Structures are given as C-alpha cells and as structure tokens.
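What follows is a single structure, written as structure tokens, with notes after it.
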Amino acid sequence: MEVREHFYADDPSRGPADGRTRLGGADYFFLGNGLIQAAVQVTAAPGATPVGLLVMDPERLGPKRAALTFDDGSGLARTAVSLVDRGRVRAASGPSVRARWLPGSVDPRVEIDWRSGGLRVKELFFAPDPRSARLLRRVTVARSGPGPSRVRLETGANDRTVATEMAIGPGRPRSVTVEYRLVRPARGRPSVALRFVDDPGDETPAAEFWAGTAAFRSSDPLLDRFFAAAKFQLRAAVSASGRLDGGVWQYNLEWVRDQAFIAQALAMSGESALARTMFARLLDDFVDGRGATMDSSRFRPWRESEFDQNGILLFALASYLDWTGDRDLVESRWAKIEKAAAFPLRPAFRHGPSGLLVNRREYWERHGAHGLRDGMELAHELFVALGLEAAGRVARRLGRTRRAEQ
C-alpha cells in the first residue's frame, strides 16, 4: 500500500513566519459563505504580521502558504493596514491588538482593536452576502490626541495596493470599507481583487440569513461564545459544493468520518441546505459500489477499510433526518445507504469465534505499512454497531420494516 498520505509535502518553517501553522499565541477567525473563505490571523509572534488576512478559494484545498493573499517573500505583511500620520507610519503591533467575535452580532463579524501613537483603529471583517464571493473590511480611525490631521490609510494583497486619505480629529472618527472579491478565471489560479466600496451598514443580506439559523443562550458567556464561534466557523470551512479539508492547511484531503459529523452539526445549527449538499456528495462520491467509504480522498484495499466511517455516516444521516425531516435525501439514495451498512458485515471481515469485525487498519489509521496484522479495533466495532442501529431506525421511518429487522 502506498504511504504518501503520511508525509506532509509542505515545510511550514520555510519562508515567512506567517506561513507557519503553529505560530505562538496566534488566534484565527474564519469567515466565509462557501464561495469565499478567509481567516483573520492575530498574533504577537516575532516576524509575523500582527493582523493579517488570508483569503482562499474554498473549492481548492491547500497549505497555508497557498492562500491567495500570501506572498512568498513577505507573507501577509501587505494585507495589514498602515497609516501615515504627520509624517510617521503607524501600524498594529502584537501587544496592542485585541480581537474577538463582535458581541451581539447576528452574523459573524471579527472585531480587531489596536492603537499606535495617538490613533485608535477598529477593524471589522464580515461577509455581507451569502451569495457572492466577497469579504468586507471596515476600518475606523479615531484620534485621541489634540488637533485635526489628514491620515493616509494603505493596505493591499500580493502586488495590489489601495490607499486613501481621511480627515480625522478628536471626536471625529472616520471609516472606510475595503472589499476583497474572489475572482475565478476560466483558466488558471483564482485571484483576489480589492477596492474601496460604500459600507452597506449592519443590515446586510448575510444578517438575514444568519437570523434564520439556530440560536443558543445559557448562563455561561464562555459557553455561548463557543457555540457562536463553532456555528460561524463551521459554515466558513465548507465550500458551496460540500468540500472540506480534513484539517485546514494541514491534510488537504477529505474523510467521510469528518464530513459526516460536520454535516450533522450543520443540520443541528439550522443550516440544513448545506448539510444536505454534504450528505448527498458523500453518498454519491465517497461510498463506492461495494459500500466501502473513502478516506484520505481515496478508496482502500478491502483489508485497509476504516469501518468506523460506515457507522458514523449512518449515525449522522439518522440524526440529519431527525433534525430536518428530509426523507427525500435518504429515499433517493437508499441503495447506497444499504451498501454502506452491509459492507462491514461481509464474511471476509468477521472473526469466527467472536463474531467481531476484523481487518488490518486501526482508528488512528495505521495499517499494513506500519506492520499491523489482522485484528479487531474497538472504534470499528462501536461505530458500526451504532450505525446499524441508526440505519434500522431510518428504515422503519421509511416503511422498510422488514429490512430494518434484518
């Protein structure tokens, strides 16, 4: 069996510090709507950009340095905001930066605050429209010291730069809004176009979309924050076609296990349409004619199958049906569902004395190339059992009582 999947082709230590995926103390805020994907990077790590912006095409999986706003020489430096004020250049520095999800916002918005000299800067990142591949960055500049002045604001991406002048003074903050639009040519690599645009304000189409998703409130602000961050960033991680990296910037591959759980979470958070897209893609493309499931974006020899994926897919599908009532998805793909349920039960996978499942693959994906021999894996037994029980419940809901009893 080939083992290329176990070797990461990119070396994060090569090139600018911004290319590293383990920057000390870094926070990442992911935004996106399936058509554009972005991550706001906030870090005080030496050599890295304190406030940087990674813009990506969600349909193309890749390492961090493959982001469309990443420069091989300067990293994310050109995406930062700089201000020329009274002859001096002002910019964010690690200790001055504060970042958070905007409290009370219906739609996901990342708020960044920083100070330099007598200037206070607030940056707000958000995707204003669920149906267009664009991201907005509203930059508000205020002066805390005396006297008015004209400030030159500049930012960019790769070899593109935009700049404007702002007249500010004490009690007179000014705002500008930069648009980042993902451009996909008929051929070649996508690119990012940026320009200044009119600010749409808070009542955007995206706000209306997010108002229709699940809400959660508790007595613990930290728990509420975790829920909001999970709901916002799950949506940002998945493309409009249902593609999803098994580990952003790391694997650049896909797994049925990961996708099924995320599709289940999307259904529970009120995003049933995207959950349906993901489940349909998994059943159509990630389950083969035998019922075997794909992992690491490939199908395995039968002894290397990850049986837990079959069970997890069935379990998540049953949960999706419970949350959405979408019988059409499971009815229209029932043949694939049956095959996914039956595949681990083949005689070749059964241990005669115990009746348990046996193969040459364990949950952490070590296999024959690591010296593993045929054996039994607890996670495989557990999830296959859960999946079969879930498939039986689905069969009964569809009126397939006889099949459920089998």
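Summary of computed values
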quantity: Residue tally, condition in contact (Cβ under 8 Å) with a residue 60 or more places away in the chain and farther than 15 Å from PRO344 by Cβ, over segment 387-399; calculated: 4
quantity: Selection within segment 59-97 - touching a Gly at 6+ places or on another chain (Cβ under 9 Å) and part of a strand (DSSP E or B); calculated: GLY75, LEU83, ASP85, ARG88, ARG90
quantity: Flag if LEU244 is out of contact with any Gly (no Cβ under 6 Å at 6 or more places or on another chain), outside any helix (DSSP H, G or I) and surrounded by 18 or more Cβ atoms within 10 Å (Cβ to Cβ); calculated: yes
quantity: Selected residue [touching a Phe, Trp or Tyr at 6+ places or on another chain (Cβ under 8 Å), surrounded by fewer than 21 Cβ atoms within 10 Å (Cβ to Cβ) and farther than 24 Å from ARG243 by Cβ] from VAL384, VAL358; calculated: VAL358
quantity: Number of the exception - MET56 against (1) surrounded by fewer than 23 Cβ atoms within 10 Å (Cβ to Cβ); (2) free of Cβ contacts under 8 Å to residues at least 40 places away in the same chain; calculated: (1)
quantity: Subset of segment 197-228 [touching a residue at least 40 places away in the same chain (Cβ under 8 Å), open to solvent by 20 Å² or more (accessible area, probe 1.4 Å) and assigned to a helix (DSSP H, G or I)]; calculated: PRO205, PHE209, ALA211, ARG225, ALA228
quantity: Candidate set from segment 361-371 (those that are open to solvent by 60 Å² or more (accessible area, probe 1.4 Å) and free of Cβ contacts under 8 Å to residues at least 24 places away in the same chain); member that is nearest to GLY387 (Cα to Cα); calculated: TRP364
quantity: Every residue from segment 284-304 that is closer than 20 Å to SER241 by Cα and open to solvent by less than 80 Å² (accessible area, probe 1.4 Å); calculated: ASP284, PHE286, VAL287, ASP288, THR293, MET294, ASP295, SER296, SER297, ARG298
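The values are calculated or read from the model by the stated rules, or taken from the named source; none is laboratory data. The structure displayed is predicted, hence computed values, not measured ones. Here the Cβ is made from the backbone with ideal geometry for all residues, glycine too, and neighbour counts use every protein chain on show. Areas reflect the complete protein model, heavy atoms only, side chains present, ligands, DNA and RNA absent. Shrake-Rupley method; radii C 1.70, N 1.55, O 1.52, S 1.80 Å.
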